[in-house]
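Taking it in order: structure first as structure tokens, then the write-up.
The values are calculated or read from the model by the stated rules, or taken from the named source; none is laboratory data. As the structure is a prediction and not an experimental result, all values here were calculated from the model. When we count neighbours, we look across all protein chains shown, and the Cβ atoms used for this are built from the backbone with ideal geometry, even at glycine. Side chains are part of the model used for accessible areas, which takes the heavy atoms of the whole protein and leaves out ligands, DNA and RNA. Shrake-Rupley method; radii C 1.70, N 1.55, O 1.52, S 1.80 Å.
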Amino acid sequence: DIMAARDKLIEILVDFAGFRKEHLILVFDAYKVRGGRGELIRVGGVDVIYTKEAETADLYIEKAAHELTKKYKVTVATSDAVEQVIIYGAGAYRMSAQNLLEEVIRTKTMMREHYERRDDVQRVGLLTGMSEEAQKALQVHLKMMDMDTHE
């Protein structure tokens, strides 16, 4: 299902951009959509663009790259060789779709490692790092306090 694939791609790129703290613009070509007015939807910090009727994604990206490179560092992911030359001429960096996929996979691995480390830190308890003797004394003290509250 093309809509499910689109939604999954958006979800993946929202996670990617959020973790890397980068602004991402995802452009879908609506060139052949009759009456298409073009649309921008913000999804979790990612700008999802649907081009208007008779406007290709390549044309939209070229115009956006030309404008955005005046103020920002812009990287465009496309494997279209002609588009890469045009993007480069506009002053943007370029990467292939394969390189973007590799970056997404690398970032997903970093995200997993980050959250696993965070979970490990959260599992560290009050008694971590205390000597056995201090742990036993604290446990005895806590049991005595618990008995006092039940009396």
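A count restricted to region 105-140 and to residues that are farther than 30 Å from residue 20 by Cβ, modelled with pLDDT of 70 or more and either of a type in the set (Phe, Trp, Tyr) or open to solvent by 100 Å² or more (accessible area, probe 1.4 Å) (or both) stands at 3.
Just one of (1) in a helix (DSSP H, G or I); (2) surrounded by 15 or more Cβ atoms within 10 Å (Cβ to Cβ) fails for residue 85. It is (2). Would you say residue 25 is open to solvent by 60 Å² or more (accessible area, probe 1.4 Å), part of a strand (DSSP E or B) and under 21 Å from residue 12 (Cβ atoms)? In short, yes. Within region 79-104, the set of residues being in contact with an Asp or Glu (Cβ under 8 Å, 6 or more places away or on another chain) and either closer than 20 Å to residue 12 by Cα or modelled with pLDDT of 95 or more (or both) comprises just one member, 95.
The single condition among (1) surrounded by 16 or more Cβ atoms within 10 Å (Cβ to Cβ); (2) part of a strand (DSSP E or B); (3) acidic (Asp, Glu) that residue 58 does not meet is (2).
Here residue 39 does not qualify as acidic (Asp, Glu), surrounded by 12 or more Cβ atoms within 10 Å (Cβ to Cβ) and more than 24 Å from the chain's Cα centre (by Cα). The condition of being at pLDDT below 75, more than 24 Å from the chain's Cα centre (by Cα) and not in a helix (DSSP H, G or I) does not hold for residue 145.
Would you check which residues across region 1-19 are over 15 Å from residue 48 (Cβ atoms) and surrounded by 13 or more Cβ atoms within 10 Å (Cβ to Cβ) and list them? Within region 1-19, 19 is the sole residue that qualifies.
Among the residues of region 42-55, is any open to solvent by 70 Å² or more (accessible area, probe 1.4 Å), charged (D, E, K, R), touching a Gly at 6+ places or on another chain (Cβ under 6 Å) and in a strand (DSSP E or B)? Yes: one or more hits.
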